[in-house]
Amino acid sequence: MSSTLVGSSVAGDPGSLQRTKPRYGEKVIKGILVMAAGVSVLTTFGIVLSILIPSIEFFSEVPIQDFLFGTEWTPLFADGEFGVVPLVTGTLVITGIAIVIAIPFGLGAAVYLSEFASPRVRKTVKPTLEVLAGIPTVVFGFFALEFLTQVVLVKIWPDIDIFNALSAGLIMGVMIIPTIASLSEDAMSAVPSGMRDGSYALGSSKRQTAMFVVIPAALSGIVAAFVLGISRAIGETMIVTIAAGLQPNLSFNPLEGMQTMTSYIAAAGSGDLSTGSIEYKSIFAVGLLLFIITFFMNTISIGLVRKFRQVYQ
Amino acid sequence: MSTAEFNTLTSLEGELMSQRETAEIEMAARDISVWFGKRKVLEGVNIDFPKRSVTALIGPSGCGKSTFIRTLNRLHELIPGAALAGQVLYEGSDIYSRDVDPVQIRLKVGMVFQKPNPFPSMTIRGNVLSGLKLSGMKRDNHDDIVEKTLRSAGLWNEVKDRLNAAAGDLSGGQQQRLVIARALAVQPHVLLMDEPCSALDPASTLKIEETIRELSKEMTIIIVTHNMQQAVRVSDSTAFFLAAENEPGHVVEQGATTEIFGNPQDQRTLDYVNGRFG
């Protein structure tokens, strides 16, 4: 670009300021980039459509209120019931346990790393924590089933089910700690150091500075981290499929086995249901509900992030 | 009155006078040297800060003025790898001695920074009162404190109708006066100001200078500034810092502001205050 300009000024011809060669390369690159963006958008549309169509067919056979408010989920029985409530409560119980573990530990780890740890400790601990996020969830699942349930939890509650919500929830909590810790730590580290100086100069301790100044200033990022962690917990499949059992169970007792929306989809989808049957379509109906819940969570998260966003000069 | 009695009285008076004179020094730096890691950035700084006076710290960038001012309320020690030798005396005792709580020092020695740093998650009112809240200080009639400190900082008239607005909505100059009010709310005896006007327009700068003059009737003020005119306008005494290349900074000359600017003894001071370098 500049070479044309320099050349033209040397030649002393003002007319040659115009482009001499069409830039094909630029057009090709732009095309590749548009395609890259398009693939993800098209895939999303494709997924929504492929969930929506069988779901609509499903709801033409099962009334929507029976689906949403029914308390029996027995799709594989001869005269099956399609009440999704047990799957939803299963999801909520396990996600709830996971959040109770992940939020305090994740936020605690973030506060420690961002406000208390020396730079050397932070440089070692943060990547280590992030490695935890890279462990395949199937490994977490077997750890929950083989170790946590059968070695630890049976000693505390001898009559605990082998497949139970508690071990799946606890391990899922551990799994999302790094997500919450890492994103919250990013948000807190982004708070300008002048804010901390101002707080220390007013005679506050590190703990007070973290609680009253840094966390409120980083709240939008922290809330986003929480919601992302919760979304991951709701959508997590492998741990619950392995460790929480596959029995739909309308119960709030975490010592019992439960099925979640995701583990139903995984189990039924890998089974031998005939395409087009009502049982087959139920997979998509559950998928649609899951999609709506996650979509709703993400919308809330975006709203909260906007609400709490602080603008720094 | 007998002669003997008179003599005792006069000697008592003399004693009182000399006591008052020593007590007039509120803060003092004694042979302060500072390192960041292995690098020495400040060497052998000795300055006295008389009570209820304004002392300006001037000098080119990178000569250790800001580093020095942060040693006076122990903010310095929060920087990883920072080390210090020497003493900082507050009312005669070393603030770095083992039994001194840095929190107590920072309540007595307030600070205002180069960039306005109000807490964005709090309201204007909340910012003013944040020092009381953070330090757990119990004081009644918060409304009075808010009004009094905002008046001292010269901001009251501009914000009195929107005390519950977010602090982030104020302009830069207003934010800087807000953080001055915030610093005043805990009733410090000394106020450190690290280039408080460098991010502000001339009108806001003048307002803050008025505030400084007004505050100096009640407290000791130490201000770092790059603005020569500002040093002349607001300060009673001035210390000129300088660092030769790859050498730690030190104080070249200090004294009454009129002397430093009108009749400097050192050639480098003369060059600097006349804008010939820096």
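Quick check: pseudo-label points 7 Å beyond the Cα along Cα→Cβ at A:Lys30 and B:Lys51, how many nm apart are they?
So the two model labels end up 7.4 nm from each other.
Could you work out the local net charge near B:Leu242, counting Lys and Arg as +1, Asp and Glu as -1, over the other residues with Cβ closer than 12 Å to its Cβ?
Values: positive: B:Lys65, B:Arg268; negative: B:Glu43, B:Glu245, B:Glu247, B:Glu253, B:Asp266, B:Asp271.
Here the count lands on -4.
Quickly rank B:148-156, A:177-185, B:72-80 as a protection proxy: mean count of other C-beta atoms within 10 Å, highest first. Provide the component values of the computation, followed by the final result.
Numbers: B:148-156: 20.8, A:177-185: 24.6, B:72-80: 18.6.
For the peptides B:148-156, A:177-185, B:72-80, the packing ranking is A:177-185, B:148-156, B:72-80.
Could you name every residue in segment B:93-118 that has 20 Å² or more less accessible surface in the full protein assembly than in its own chain alone (probe 1.4 Å, ligands and nucleic acids excluded)?
So the qualifying set is B:Val103, B:Arg106, B:Phe113, B:Lys115, B:Asn117.
Roughly what angle does helix A:219-235 make with the longest principal axis of chain A, taking Cα atoms, 0 to 90 degrees, to the nearest 10?
40
In whole percent, how big is the carbon plus sulfur part of the accessible area of chain A, probe 1.4 Å, protein atoms only?
Numbers: 11520 of 16490 Å².
That fraction is 70 percent.
What's the angle, to the nearest 10 degrees (0 to 90), between helix A:85-111's Cα axis and the longest principal axis of chain A?
Between the helix axis and the principal axis of chain A, the angle is about 50 degrees.
With contacts defined as alpha carbon pairs under 8 Å and 6 or more residues apart, what's the relative contact order of chain A in percent? Intermediate values should be presented prior to the final figure.
Values: 413 pairs, mean separation 73.8, N = 313.
24 percent.
Name the long-range amide H neighbours of B:Val112: under 5 Å, sequence gap of 5 or more, or other chain; modelled H, no Pro or chain starts.
Correct list: B:Leu192, B:Met193, B:Asp194.
What are the ³J(HN,Hα) couplings of segment B:247-259, residue after residue, when phi is run through the Karplus curve with 6.51, -1.76, 1.60 and θ = phi - 60°? Round to Hz, x for glycine and proline.
Using θ = phi - 60°, the values come out as 10, x, x, 8, 8, 7, 7, 9, x, 4, 4, 4, 5 Hz.
Return the carbon/sulfur percentage of the accessible area of segment B:30-141, one whole number, probe 1.4 Å, all protein chains in place. Can you show the working numbers first?
Values: 2240 of 4720 Å².
Carbon and sulfur: 47 percent of the exposed surface of segment B:30-141.
Whose amide H sits under 5 Å from the amide H of B:Glu253, counting only residues 5 or more places off or on another chain, with H placed in the peptide plane?
Close amide H contacts, sequence-distant or interchain: B:Phe240.
Could you work out how far helix A:278-308 tilts from the main Cα principal axis of chain A, as a 0 to 90 degree angle to the nearest 10?
50
So how much accessible surface do B and A hide from each other in total, probe 1.4 Å, in square angstrom to the nearest 100?
On the way: alone 13990 and 17450 Å², together 29580 Å².
The buried area between B and A, both sides summed, comes to about 1900 Å².
For B:Glu26, list long-range residues whose amide hydrogen, built 1.01 Å from N in the peptide plane, is under 5 Å from its own amide hydrogen.
For B:Glu26, the qualifying residues are B:Phe49, B:Lys51.
Give me the distance in nm between label points sitting 7 Å out from Cα along the Cα-to-Cβ direction at B:Phe277 and B:Ala83, one decimal.
2.9
Could you provide, to the nearest whole Å², the per residue accessible area of chain B with probe 1.4 Å? If you can, show how the numbers build up before the last one.
Values: 13090 Å² over 278 residues.
For chain B, the per-residue accessible area is 47 Å².
Taking each residue in A:205-218, count the Cβ atoms of any other chain within 10 Å of its Cβ, then average. What number comes out? Intermediate values should be presented prior to the final figure.
Numbers: counts 5, 1, 0, 5, 2, 0, 1, 6, 7, 2, 1, 4, 4, 1.
The shielding value for this peptide is 3.
In deg cm²/dmol, rounded to 500, what helix-only [θ] at 222 nm does chain A give when every DSSP H run of at least 4 residues adds -39500 (n - 2.57) and the total is split over its residues?
On the way: 12 runs with 198 residues, N = 313.
One gets -21000 deg cm²/dmol as the mean residue ellipticity at 222 nm.
Determine the distance separating the Cα centre of segment B:65-125 from the Cα centre of segment A:236-313; give it in Å without decimals.
For segment B:65-125 versus segment A:236-313, the Cα centre distance is 52 Å.
Using only helices, what value at 222 nm comes out for chain B when you add -39,500 (n - 2.57) per DSSP H run of length 4 or more and divide by the total residues, to the nearest 500 deg cm²/dmol? Let's see the in-between values first.
Details: 11 runs with 110 residues, N = 278.
Rounded to the nearest 500, the figure is -11500 deg cm²/dmol.
Which of the residue pairs A:Lys155/A:Lys206; A:Lys206/B:Lys148; B:Lys65/B:Lys217; B:Lys65/B:Lys207; A:Lys307/B:Lys133; A:Lys123/B:Lys138 have a Cα-Cα distance greater than 32 Å in the structure shown? Mind dumping the intermediate values first?
Values: A:Lys155/A:Lys206 40 Å; A:Lys206/B:Lys148 29 Å; B:Lys65/B:Lys217 24 Å; B:Lys65/B:Lys207 23 Å; A:Lys307/B:Lys133 25 Å; A:Lys123/B:Lys138 40 Å.
Check vs 32 Å cut-off fails for A:Lys155/A:Lys206; A:Lys123/B:Lys138.
If you take the square roots of the eigenvalues of the alpha-carbon gyration tensor of chain A and sort them as a ≥ b ≥ c, do you get rounded (a/c under 1.5), prolate (a/b over b/c) or oblate? Show your work: numbers first, answer last.
On the way: a/c = 2.55, a/b = 1.32, b/c = 1.93.
In terms of gyration-tensor shape, oblate.
Could you check the simple spin-label distance between A:Ile292 and A:Ser40, using points 7 Å along Cα→Cβ, in nm with one decimal?
Distance between the two pseudo-spin positions: 2.6 nm.
How much area per residue is accessible in segment A:85-312 when the probe is 1.4 Å and only protein heavy atoms are counted (Å²)?
Details: 9830 Å² over 228 residues.
Per-residue accessible area for segment A:85-312 comes out at 43 Å².
Residue by residue through B:71-79, how many Cβ atoms from other chains fall within 10 Å of the Cβ on average? It would help to have the intermediate numbers written out before the result.
On the way: counts 0, 0, 3, 2, 4, 0, 0, 6, 1.
Other-chain Cβ atoms within 10 Å of each residue's Cβ, averaged: 2.
Residue by residue, what Karplus-based ³J(HN,Hα) values in Hz, rounded to whole numbers, does segment B:225-231 have, using 6.51, -1.76 and 1.60 with θ = phi - 60° and x for Gly and Pro?
Once θ is set to phi - 60°, the couplings for segment B:225-231 become 8, 9, 9, 4, 4, 5, 4 Hz.
The values are calculated or read from the model by the stated rules, or taken from the named source; none is laboratory data. What you are looking at is a predicted structure, and each value in this text was computed from that prediction instead of being measured. We place every Cβ from the backbone using ideal geometry, glycine too, and count neighbours over all the protein chains shown. The area values use the complete protein model at the heavy-atom level, side chains included, leaving out ligands, DNA and RNA. Shrake-Rupley method; radii C 1.70, N 1.55, O 1.52, S 1.80 Å.
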